[in-house]
1. Ranking request for peptides 169-180, 70-81: highest mean number of other beta-carbon atoms within 10 Å first, then the rest in descending order.
2. Cβ under 9 Å from L23's Cβ, L23 left aside: what net charge do those residues give with Lys, Arg +1 and Asp, Glu -1?
3. Roughly speaking, to the nearest percent, how much of the range 168-214's 1.4 Å accessible area is carbon and sulfur?
4. If you count only protein heavy atoms and use a 1.4 Å probe, how large is the accessible surface of I188, to the nearest 10 Å²?
5. Accessible surface of F98 in the full protein assembly, 1.4 angstrom probe, to the nearest 10 Å²?
6. Filter K43/K93; K93/K233; K34/K199; K34/K62; K34/K181; K43/K181 down to the pairs with a C-alpha to C-alpha distance above 21 Å, please.
7. How do 15-23, 257-265 rank on mean C-beta neighbours within 10 Å, highest first?
Amino acid sequence: MTTSEQVSATPLATEVASLDRELSEIDMLVTQAKVEAGRHEQKRSQAEEKLATLAGTNTEPKDLIELNSQLVGLTRRAALMEAQVEVLEGKRKTLGRFRESLARHADWVANGGVERTVAANAGAADAMPPAMSRIVLAAQEDLRREIARAMHDGPAQSLTNIVLQAQIVEHLVGRDPALAKREVGLLIAMVQQTLDATKSFIFDVRPMVLDDLGLVPTLRRAARDRGQRAGVKVEFESLGGDRRLPPEQESGLFRILDEALAGYLGAAPETVTLTLDWADQIEARVAARRTGPPIPASDPEDSEPKTGKDVPPALASMMEDRRADRRAAADAARNAAIVALPQAAWREIQQRAATIGATVELEDAGGTLRVTAPYADRPLADPA
């Protein structure tokens, strides 16, 4: 190892050690937050059960008011603690992936990777071309803008509504305990709905289950959730023994198939199927169908047209027009049953497939997407 490589490797190793310490602290915080969240949820459940038991009795109003106040406070704390657990676990996953990447780069530098790279790229431009740099920065800004808009329109707005609802409950506690109890129920429902929406948002940005469990459980959840939101039945099937793939390949395949699901569901199909086949290579199919108008029954005259001196020209022409009308009606019925993948989704899928070495093609006039990819033996973004 050269002196410059030793100098470069030392800060990397120090940073890896620092991340290890931070991950240990986060693990401890996650454990504490889960214990605290469980304790608050248990207290909230007990308070809710006690309030429901005393609601129909001759309990003093001040006792009901006190119980309502306790329930509101416990609901707030339970929701905050559960949200804190989600945030900490997300941070742990992100730091864990960053730590692994940094450790690989540290090993690469320690084993002479810098020297090999400099030799291989002798004479090449050292900096990214300005045009490419602008494209990358524009893409990053677009991503930030989309995330900010989604957060503003989703969880942030819901949390504002929760605060307003909590203020309503606070004002009613001393005036009308029975009405306050109903408003507490509405508040609890709003907190649960916001929590579900936040989890869906996190899943859409980066599903943590993909890192924890792999491609099959993540696709199964995506098919279920997207189908429920669209009101369309989505059938998922995995054939053969599934396996874990390198992170880049798992992420790329998930994004391709999830994009196809979203594209097909946006075209209002009746059914969507997603099949994953673990054979000699990974093969996936996403197909969407709808029931079109009935296909007209064939006529014997279509296969055995009568022509010649026995058929008057006018009758022969009329028979040919009828055959043409039946063929056109049959083609229209078949086309109406096809749910074509939108062009925007198809372009996005092609771009993603190119980054992971997958092959994509449309079949059945665009109604079926077929994806094939060889098994990757190592991460595709290997710094060496």
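The values are calculated or read from the model by the stated rules, or taken from the named source; none is laboratory data. In this text the structure is predicted, and so the values were computed from the model without any measurement. Glycine gets a Cβ as well: all are built from the backbone with ideal geometry, and neighbour counts include every protein chain shown. Please note that ligands, DNA and RNA were not included when accessible areas were found on the heavy atoms of the full protein model with its side chains. Shrake-Rupley method; radii C 1.70, N 1.55, O 1.52, S 1.80 Å.
1. Working: 169-180: 16.4, 70-81: 19.8.
Ranking the peptides 169-180, 70-81 by packing returns 70-81, 169-180.
2. Values: positive: R21, R92, R99; negative: D20, E22, E25, D27.
That works out to -1.
3. On the way: 1500 of 2530 Å².
Accessible surface attributable to carbon and sulfur in the range 168-214 totals 59 percent.
4. 40 Å²
5. The value for F98 is about 100 Å².
6. On the way: K43/K93 30 Å; K93/K233 32 Å; K34/K199 17 Å; K34/K62 33 Å; K34/K181 27 Å; K43/K181 17 Å.
Going by Cα-Cα distance, K43/K93; K93/K233; K34/K62; K34/K181 fall outside the 21 Å limit.
7. Values: 15-23: 13.9, 257-265: 23.0.
The most tightly packed comes first, giving 257-265, 15-23.
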